[in-house]
Amino acid sequence: MRFRFGDGWVSVDQQRFVGELLERHGLAACHSVLTPLPPGTKLRAVDKEGSGPASEGDAHLPDDKALLFREITGALLYLVTCTRPDVAVAVNQLSRHMATPTRAHLAAAKHVLRYLKGTAGLCLRYERQASSEHSNELLGYADASWMSVPGTSRSVSGYAFLLNGAAVSWRCKVQSTIALSTAEAEFDALSAAVREAVYLRGLMQEIGLPQLEATVVREDNQPCIALCKNAVASQRTRHVALRFNFVREKLHAGLIDIEYCPTAEQLADILTKVLPAPQHARLRAHLHGMASWQREGV
């Protein structure tokens, strides 16, 4: 990773690693694309015991190509973990198919590499906000994509926490249970974000940057917010009582606060689904701390 410092800002990127990754797989001179995967992509699993591929893309890879797919996906997982939340959704989809990858999955992995070609220098940029009352203050976003995993009806959760203008923590994960409604899927994502907020607040306390105010977590689903703020239990919500009580406890303790934000301003949306290029670029800029400072070519 490369760290760069300036007057009141610091940035971190993995441009060299991306360049080496593209060179290793023969894509150093490839044409770039605007999104990690084509908008709306939902990679599906193909049963290896089936009667045969329904299309050429469904054909399972031979061992050498399967190894190549796993190598690319593993490298992408490293990128996502360190500096590239903008490709988290694509890598989440790829990593579900490590055991039985198909030609379509390998093509999708190479599509992600082509996206990285055009955004190799993308960094996380943190700016000092000495004159702002929100300096060193965590801000969270939580979102979910209901029933978005083909073949399982499971939903995808995403959250991101920003500090001084850029993301310091993010996650894209398939939910462990099937949500029966959009509100329930959103609540699952929100409860995961609240757990992360509690952890980050403790970490900030240890390094000498205590959070004096409640950590705001922004959510774009009104029923989910109502479920958190109102002590209402019903037959439709009793199976989420444990998570419900946990979130309400932290809310009442003043550790977190939940705010509504319109879907268009929901930064965690980029962590739950593959978005159209303009929306992806706009949310990416905010997530990486580059909304007000764009470098040429990024």
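The values are calculated or read from the model by the stated rules, or taken from the named source; none is laboratory data. The structure presented is a predicted model; accordingly, all values stated were derived computationally and were not measured. Note that each Cβ is placed from the backbone with ideal geometry, even for glycine, and that neighbours are counted across all protein chains shown.
Tabulated data for the structure shown
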| item | result |
| --- | --- |
| Members of the range 139-155 that are of a type outside the set (Gly, Ala, Ser) and surrounded by fewer than 24 Cβ atoms within 10 Å (Cβ to Cβ) | Leu139, Trp146, Met147, Val149, Pro150, Thr152, Arg154 |
| Tally, over the range 176-205, of residues that are farther than 25 Å from Leu287 by Cβ and among the acidic types (Asp, Glu) | 1 |
| Residue selected from the range 84-108 under the condition surrounded by fewer than 24 Cβ atoms within 10 Å (Cβ to Cβ) and among the hydroxyl-bearing types (Ser, Thr, Tyr), by the criterion nearest to the chain's Cα centre (by Cα) | Ser95 |
| Residue in the range 1-17 that is farthest from Arg128 (Cα to Cα), counting only those that are over 19 Å from the mean Cα position of the chain (by Cα) and surrounded by 15 or more Cβ atoms within 10 Å (Cβ to Cβ) | Phe17 |
| Yes/no for Asp64 being acidic (Asp, Glu), outside the structural domain of Arg171 (by TED's automatic domain parsing) and without any contact (Cβ under 8 Å) to a residue 24 or more places away in the chain | yes |
| Single condition Thr119 does not satisfy, out of (1) polar (S, T, N, Q); (2) within 18 Å of Val12 (Cβ to Cβ); (3) free of Cβ contacts under 8 Å to residues at least 40 places away in the same chain | (3) |
| Count - residues of the range 142-156 that are under 13 Å from the mean Cα position of the chain (by Cα) and at positive phi | 0 |
| Odd one out for Ser155 among (1) touching a residue at least 40 places away in the same chain (Cβ under 8 Å); (2) of a type outside the set (A, V, I, L, M); (3) more than 20 Å from Leu255 (Cβ to Cβ) | (1) |
| Of all residues making up the range 54-93, the number that are β-branched (Val, Ile, Thr) and not in a helix (DSSP H, G or I) | 1 |
| So Ala99, is it assigned to a helix (DSSP H, G or I), over 21 Å from Gly6 (Cα atoms) and outside the structural domain of Pro210 (by TED's automatic domain parsing) | no |
| Those residues of the range 2-24 which are closer than 27 Å to Val156 by Cβ and either part of a loop (DSSP other than H, G, I, E, B) or in contact with an Asp or Glu (Cβ under 8 Å, 6 or more places away or on another chain) (or both), in sequence order | Gln14 |
| Every residue from the range 156-168 that is farther than 18 Å from Ile258 by Cα and not β-branched (Val, Ile, Thr) | Asn164, Gly165, Ala166, Ala167 |
| Only one of Glu259, Glu249, Glu196 that is modelled with pLDDT of 95 or more and of a type in the set (Asp, Glu) | Glu196 |
